[in-house]
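The values are calculated or read from the model by the stated rules, or taken from the named source; none is laboratory data. In this text the structure is predicted, and so the values were computed from the model without any measurement. Cβ placement follows ideal geometry from the backbone for every residue including glycine, while neighbour counts extend to all protein chains displayed.
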Amino acid sequence: MRRNPWSILLVTASLWLSGTGSLTAQAPPPYTRTLESYSVPEVVLVNQDGTKVKLQALLDSGEPVILDFIFGTCTTICPVLSAGYANLQTKLPAGSPKIHLVSVSIDPENDTPKVMRDYLKRYRAKPGWDFLTGRREDIDKVMRAFNAYIPNKMSHYPLTLIREPKTGKWIRIFGMMSSSEFLAECKKAGLL
Amino acid sequence: MSRHLPRVLAGFLGALLLGTAALAAPPPQPAPATVAGLPVDQAQAMGERMYRQGILPSGEPMASVVNGDVPVAGTSFSCSSCHLRAGLGSWEGGIVTLPTNGARLNIPRYWKFPNLSIEERKELKLQNPAARPAYTDETLAHLLRTGRDPSGYDMHAVMPRYDLSDRDMAILIFYLRNLSLRHSPGVVGDTLHFATVITPEVSEADQQAMLLPLNNYIARHNQFSAGFGNRMYLGVGGNEMSGAYRKLALSVWRLKGPAASWGGQLEAFLAKEPVFALLGGISYGEWQPIHAFCERAQLPCLFPITDLPVVSETDWYTQYFSKGYYQEGQAAARFLNGLDDPAPAGVVVQVIQAGPEGRALAQGFRDTWSELGRTAAKEVLLPKGTRLTAAALGDLLTRERPTTVLLWTGDTSFPALERLAARKTPAPVHGFMSARLLGTRLASLPEPARKLVWITYPYREPQLEPKFSAYADTLLAGAVQRNPATRISTRTYSMIQVLRQGLMDMDRHFYRDNLLDRLGMQRDQILPDYLRLSFGPGQRYAAKGCFIMQVGPGDKAELVRQSEWVIH
């Protein structure tokens, strides 16, 4: 079939212009929110103080808990997620229930308790924020359990998981949240 | 449809003209005498501190906001966390961090072929419009404060919006304008120049075990570049990748005389032959003089063959395979600390043979034991040339009543080990020894002591190793037999694999810091010798683990794994 050269030019030009048109503004992408059921694996991890922690007991205790996956030398996503954690700790209204913040390392070989302690110090973390490392196989189990497995830590993505204390279900937030959005999600989940 | 064509074409041509107009680069600015009232050197240092550490000239953290309303102190993360040290940016988790170095800020940005120079861009048949013009100081300040570039494009919300005074802003902008502005030394014409350093005590055979694969790799690379090279990239990325592929050249810098004179010799070598980086290198002794030179000269050194690296959390320029002997000491401490049975960790004594190896092993244990909150172990120093006799060990056991003795001595204390094994009351006394220090003598560990002595073993399990090490033979080309005991050719092979990836990732941005930045962004590598090499920004020891083993019974003396590769 013979194509009309004008139509080819038109399509090319339209595509080209639509591409340049998108440069004018870009709002931060909204996060997505789903409700999920996860089964926490029976693994023992190590926290920033070198203390062994049974993850299932920690996460399924019924206390308000939030989970994310980070690593100590991450370039982009983890610093922003951690800034969100740090900010949440300072923004919690007086008298509100304690929320246990948990960060699981996806670079367990490098993230020793000392590296994790230094990391938390950089973010001025308050008690109630635990950074966990462990055997690579156990970390993989945790990532898989939360549908967050990535074979290469550089390919990870921003994920925050909030456990609803009443139902035991997890609110899975994919993307970045502002401070007010994070607080609102905590309220919605019944943490505050 | 044809009714709309003139309007579309007008838009097309308009955009084309806009793009062409944006090609004009700002005229080069003369170097200022002062920046924000400060001497240039001082402003540079302050700007560097802002960029790398997020600290203002006042000493306060830089204040910023991410994700709309999340305040962040510069000490939590800084510009270099995402843009990396050379400023070429990163890609992680779907978020692209754009370059922020001088060479890129000073020219317009294009979506298509953004790496082309102004001159190269003029050669394009189709001139694309610029996504943004070159930054002026004003538009750059606006971007840093609001996240909006001069074309109206809003950066992702994860980019901090900085609250900076005009003076602080001027200092940071001055730093950015000069960051990775010109290629580093060692890039001459179409060739990247490297060197490798050999210290005087290294045998000819060991030198060749490193040089042969290295030279073979370079010869193959150059043969490829001559026949294929840039044309391959032209097919993949058009003109953009042209120039990324360079020939490689290697100089061998052989050091002479005492270690104290090596720094001066290296400076003379570098002055005579400016190179982009050091590849490999080999020494039986401490790497410290070469490490210190590389820090001074800001010269990357990739994976030297040494078991005595400098252990530092802040130094930047030398990328090691591991922390060497120090790492074995660390593994011993972590293993002992994590045992379910607390008895062996009760009273610990380190017996240290004088010399750099014993020192490094003991230091690794000492630092880690302290970090774990344990009471310092007692230490016994064996002067050079002396060995631990059975009587001396017997006295030590009676005097100190240790539950574990770390024997950083080599095989000279084998006869004394029987004394250790004989001690059964009140409980057996455990020992630690270093596989690297024992070398091939490991298989001769006295039978009675085998169940009591833990071995720090910094490599992959030996029965699994041959299939990985065999890969290294491809670069030996049959000229040299691989020596599994020294692991020199296999480590050189691993260095080359990481370098190859690093050169590709560096693209045509030939800045020394960028090479190290790109190494830091590599995914894990499964290569000979070490179970895994892993990377991350600023991580300078790629192999993070060390097994604890025990020697099995009989002549076979198989190593039996007692721990994970990485012990927490």
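Among (1) within 18 Å of A:L192 (Cβ to Cβ); (2) more than 10 Å from every other protein chain (Cβ to nearest Cβ); (3) touching a Leu at 6+ places or on another chain (Cβ under 9 Å); (4) not small (G, A, S), there is one condition A:E63 misses while meeting the rest; what is its number?
So A:E63 meets the others, but not (3).
Which numbered condition trips up A:Q26, out of (1) at pLDDT 95 or above; (2) at the interface with chain B (Cβ under 8 Å from one of its Cβ atoms)?
Result: A:Q26 passes all but (1).
Name the single residue, out of those in segment B:540-568 being within 13 Å of chain A (Cβ to nearest Cβ) and touching a Lys or Arg at 6+ places or on another chain (Cβ under 6 Å), that is farthest from B:P462 (Cα to Cα).
The extreme case among them is B:Y541.
Return the only residue of B:P309, B:P289 being within 21 Å of B:Q207 (Cα to Cα), in a helix (DSSP H, G or I), in the same structural domain as B:L499 (by TED's automatic domain parsing) and not hydrophobic (A, V, I, L, M, F, W, C).
The match here is B:P289.
State yes or no: is A:L183 surrounded by 14 or more Cβ atoms within 10 Å (Cβ to Cβ) and within 14 Å of chain B (Cβ to nearest Cβ)?
The answer is yes for A:L183.
Looking for whichever is within 22 Å of B:L98 (Cβ to Cβ), touching a helix residue (DSSP H, G or I) at 6+ places or on another chain (Cβ under 7 Å) and either within 14 Å of chain A (Cβ to nearest Cβ) or not small (G, A, S) (or both) here; the options are B:P537, B:P484, B:P528. Which one fits?
B:P537
If only one of B:T440, B:T492, B:T474 is modelled with pLDDT of 95 or more and either among the hydroxyl-bearing types (S, T, Y) or touching a Lys or Arg at 6+ places or on another chain (Cβ under 8 Å) (or both), which one is it?
Checking each option against the conditions leaves just B:T492.
Please verify whether B:R334 is surrounded by 18 or more Cβ atoms within 10 Å (Cβ to Cβ), free of Cβ contacts under 8 Å to residues at least 24 places away in the same chain and either out of contact with any Phe, Trp or Tyr (no Cβ under 7 Å at 6 or more places or on another chain) or aromatic (F, W, Y) (or both), treating the condition exactly as stated.
Here the answer is no, as B:R334 does not meet what is asked.
Kindly indicate which of B:L361, B:L372 is of a type outside the set (V, I, T) and within 23 Å of B:G439 (Cβ to Cβ).
On inspection, the qualifying residue turns out to be B:L361.
Checking the condition closer than 30 Å to A:Y157 by Cα, more than 14 Å from every other protein chain (Cβ to nearest Cβ) and at pLDDT 95 or above, which residue from B:L56, B:L105, B:L88 passes?
B:L105
Any chance you could count how many residues in segment B:74-85 are in contact with a Gly (Cβ under 7 Å, 6 or more places away or on another chain) and more than 7 Å from chain A (Cβ to nearest Cβ)?
Matching residues across segment B:74-85 total 3.
Testing A:L161 on (1) touching a residue at least 24 places away in the same chain (Cβ under 8 Å); (2) at the interface with chain B (Cβ under 9 Å from one of its Cβ atoms); (3) not in a loop (DSSP other than H, G, I, E, B), one condition comes back false. Which one is that?
(2)
So A:M177 fits all but one of (1) surrounded by fewer than 21 Cβ atoms within 10 Å (Cβ to Cβ); (2) modelled with pLDDT under 95; what number is the exception?
Condition (1) is where A:M177 drops out.
Within segment A:141-178, which residues are over 23 Å from A:P108 (Cα atoms) and touching a Gly at 6+ places or on another chain (Cβ under 7 Å)?
Passing the criteria: A:E164, A:P165, A:K166, A:M177, A:S178.
Can you tell me which of B:L361, B:L393, B:L388 is part of a loop (DSSP other than H, G, I, E, B) and surrounded by 15 or more Cβ atoms within 10 Å (Cβ to Cβ)?
B:L388
Output the qualifying pairs, or none if there are none: Cβ atoms under 8 angstrom, residues six or more apart or on different chains, first residue in segment A:55-72 and buried (at least 24 other Cβ atoms within 10 Å of the Cβ), second residue among the aromatic types (F, W, Y) and in a loop (DSSP other than H, G, I, E, B).
Listed by first residue and then by second, the contacts come to A:L67/A:F146; A:F69/A:F146.
Which of the residues spanning segment B:178-207 are of a type outside the set (G, A, S), over 22 Å from B:L516 (Cβ atoms) and modelled with pLDDT of 95 or more?
Those that are of a type outside the set (G, A, S), over 22 Å from B:L516 (Cβ atoms) and modelled with pLDDT of 95 or more: B:I198, B:T199, B:P200, B:E201, B:V202, B:E204, B:D206, B:Q207.
Looking at A:R172, A:R144 in this structure, which one is basic (K, R), under 18 Å from the mean Cα position of the chain (by Cα), closer than 16 Å to A:Y31 by Cβ and more than 13 Å from every other protein chain (Cβ to nearest Cβ)?
A:R172
Consider B:V70 against the criteria (1) under 22 Å from A:K121 (Cβ atoms); (2) within 12 Å of chain A (Cβ to nearest Cβ); (3) modelled with pLDDT of 95 or more: it satisfies all of them except one. Which criterion is unmet?
Of the numbered conditions (1) under 22 Å from A:K121 (Cβ atoms); (2) within 12 Å of chain A (Cβ to nearest Cβ); (3) modelled with pLDDT of 95 or more, the odd one out for B:V70 is (3).
Looking only at segment B:91-102, decide whether some residue is touching a strand residue (DSSP E or B) at 6+ places or on another chain (Cβ under 8 Å), crowded, with 20+ Cβ neighbours inside 10 Å and farther than 20 Å from A:P158 by Cβ.
Within segment B:91-102, none of the residues are touching a strand residue (DSSP E or B) at 6+ places or on another chain (Cβ under 8 Å), crowded, with 20+ Cβ neighbours inside 10 Å and farther than 20 Å from A:P158 by Cβ.
Let me spell it out: the conditions are (1) aliphatic (A, V, I, L, M); (2) out of contact with any helix residue (DSSP H, G or I) (no Cβ under 9 Å at 6 or more places or on another chain); (3) not in a loop (DSSP other than H, G, I, E, B), and A:A94 meets all of them except one. Which number is the exception?
For A:A94, the failing item is (3).
Scan A:Y85, A:Y38 and give me the residue that is away from chain B (no Cβ under 14 Å), among the hydroxyl-bearing types (S, T, Y) and within 17 Å of the chain's Cα centre (by Cα).
None of the others qualify; the one that does is A:Y38.
Can you find, within segment B:273-290, the residue that is farthest from the chain's Cα centre (by Cα) among those that are under 26 Å from B:A86 (Cβ atoms) and surrounded by fewer than 20 Cβ atoms within 10 Å (Cβ to Cβ)?
Ranking the qualifying residues of segment B:273-290, first place goes to B:E273.
Can you name every residue in segment A:116-141 that is among the β-branched types (V, I, T) and within 9 Å of another protein chain (Cβ to nearest Cβ)?
A:T133
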